[in-house]
Amino acid sequence: MDVKRVKDYLYWLYYQYQLVTCSYVLEPWEQSMFHTITVTVLAMVVYTAYVFVPIHVRLALQFFSQIFGAQPEGTV
Amino acid sequence: INHIVHNGGLYKRPFNEAFEETPMLVAVLTYVGYGVLTLFGYLRDFMRQWKIEKCQNATEREEQKDFVPLYQDFENFYNRNLYMRIRDSWNRPICSVPGAKVDMMERVSHDYNWTFTYTGRVIKDIINMGSYNYLGFAQKAGPCQEAAAKVLSQYGAGVCSTRQEMGNLDKHEELEKLVARFLGVESAMAYGMGFATNSMNIPALVGKGCLILSDELNHASLVLGARLSGATIRIFKHNNMQSLEKLLKDAIVHGQPRTRRPWKKILILVEGIYSMEGSIVRLPEVIALKKKYKSYLYLDEAHSIGALGPSGRGVVEYFGLSPEDVDVMMGTFTKSFGAAGGYIGGKKELIDYLRTYSHSAAYATSMSPPVVEQIITSVKCIMGEDGTTIGRARVQQLAENTRYFRRRLKEMGFIIYGNEDSPVVPLMLYMPAKIGAFGREMLKRNIGVVVVGFPATPIIESRARFCLSAAHTKEMLDTALKEINEVGDLLQLKYSRRRLVPLLDRPFDETTYEETED
């Protein structure tokens, strides 16, 4: 029973996505094209985030700690 | 509650009108949706142009391809790429009288709404929330129908002549005296078509050298009549009395544009109820302004006659004002009286002038006698002169239905525009896919609604418009509300954040109008 409820909920979420992005009114081949493009763009965003965000966060933390770390060193 | 306007005594009852603002996220998502549809529209147009896909809409002929293009503007683009996709929610064929319940032919489309075929099944007893049937006179049996049938056998179906030539029957004179008595004016004149009443009579009243001040959201017939007259037209913001007063002041102070001569006439065009917003005009303030600046008022009561006021006499009675303050009272018989046609009421000199100089009187066929009899019977029923209290009961039932329906919808969390007392209830949908989805889901649940989109409303403010009727019983309204609640949850339409937004204009106080007197 729970599996059915989860499946219904997921279908309802898919229906909301279709309504908001107006793929509900498109013909099936247009819908496939739109879903392909959306999934591709989303996959690229996730991949970029996965590869680049940790490196950038580490560099930013290094930069800021250098600024705040340098002050007490200067006064000593 | 801070959207009741306090005003120094012009209003005898609270005026509750609200237009909740569009939530920011919803507006952004609506634009995203329209962006996606526009891109796919360009793609489909490209495919149609290069013959990859069969072109099913109207195009120019091969020989005319080098002429000025006919179908390149945004309206035609919208029509073939957006409207066609959800077209099955409009122009649905019915097969019974459109009263409180209606029967509809079921139809399917196999090529995405370019053509329809009937399955042969008739969907019975759909609750009709879309017809302008405010007092429930759209019936096929009853006293109105019997009287109209008798007159049909006596007078025939058509008149085939204009009012000025041979088409003036004693029935028309009886109708006009009755309408004048109903409205409380000296005299009235009736025309065959409501649209033609506006578009053909405004040019007879004003001409070049006159000024027309027209509300932003006026109906196409008023706009057409104003443009045909040749007068200068200035628009004031919807129901905004400060904007109207500023325009009146500028008109009196500066006069006509180049010559600075005073305007020959200033005519203010307003409607009683605006059917797309559900708002009621601020009539006491308009009349106070009109008296102060010595201009004339043309009130189009197409939706409010029969629907407002304790005895159904329209927006003038609703506010407790005298009909003599309104110079030209226009209305239609289509909405509350179950007939067709329009009327203009006013002083005797005005109506006598219109009988001679109106384009409609001189060239349009006069009203058909059975229709006239339907109007006469329904007006007598509303006034109570046929000996029963049916009319009074219907007016009260409509008021109760209105208050109940609006209150329940607001409690559920939908964004509803307009005044608390107007029987036209717009429910905001915003996103284009939800327009089609709402129409279809409600039809699946046996309720017929009207959904409205772009050309009639601003592009992101699409809505579903419910028209309440005295013929709706409480059970029908409860069923409809239950289904609307379900569909609202299914489509996530409950956008309201329940903040009562104060009306955008500042509260009126009497000193605004008395500035120049000392």
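Quick notes
- Residues whose placed amide H lies under 5 Å from that of B:F466, excluding near-sequence neighbours: B:V425, B:L427
- Sum of side-chain charges, B:Y11 neighbourhood, beta-carbon under 9 Å (Lys, Arg +1; Asp, Glu -1): +2
- A:V51-B:I233 pseudo-label distance in nm [points 7 Å out on the Cα-to-Cβ vector]: 5.9 nm
- Between B:R407 and B:A393, the modelled label-to-label distance comes to 2.2 nm, taking each label 7 Å out from Cα in the direction of the beta carbon.
- Neighbourhood charge, 11 Å Cβ-Cβ cut-off, centred on B:F454 and excluding it, Lys, Arg +1 and Asp, Glu -1: -2
- log₁₀ of I(q)/I(0) at q = 0.05, 0.08, 0.12, 0.13 Å⁻¹ - the protein assembly as shown, Debye sum with one point per alpha carbon: -0.28, -0.68, -1.34, -1.47
- Computed FRET value (nearest 0.05) for B:K12 with B:Y353, which takes r as the C-beta separation and R₀ as 30 Å: 0.35
- Expected 222 nm ellipticity per residue - DSSP helices of 4 or more, -39500 (n - 2.57), all of chain B, to 500: -12000 deg cm²/dmol
- A cut-off under 10 angstrom between Cβ atoms defines the neighbours of B:H219, and their net charge, with Lys, Arg +1 and Asp, Glu -1, is -3.
- Simple spin-label estimate for B:D478 and B:Q49 gives 5.8 nm between the two label positions (7 Å along the Cα-to-Cβ direction from each Cα).
- Assigned charges on the beta-carbon of Lys, Arg, Asp, Glu; the protein assembly as shown dipole about Cα centre (debye): 500 debye
- Calculated FRET value between B:Y42 and A:A43, using beta carbons and R₀ = 22 Å, to 0.05: 0.30
- Chain B - charge dipole about Cα centre, Lys and Arg +1 at Cβ, Asp and Glu -1, debye rounded to 20: 700 debye
- P(r) for the stretch B:143-383, from all Cα pairs and a bin width of 10 Å, is 8, 33, 35, 18, 6, 1, 0 %, short bins first.
Each reported figure results from applying straightforward, stated rules to the coordinates on display, with no laboratory input. Given the structure is predicted, the values throughout are model-derived calculations rather than measurements. A quick note on method: Cβ atoms are made from the backbone with ideal geometry, for glycine too, and the neighbour counts reach across all protein chains shown.
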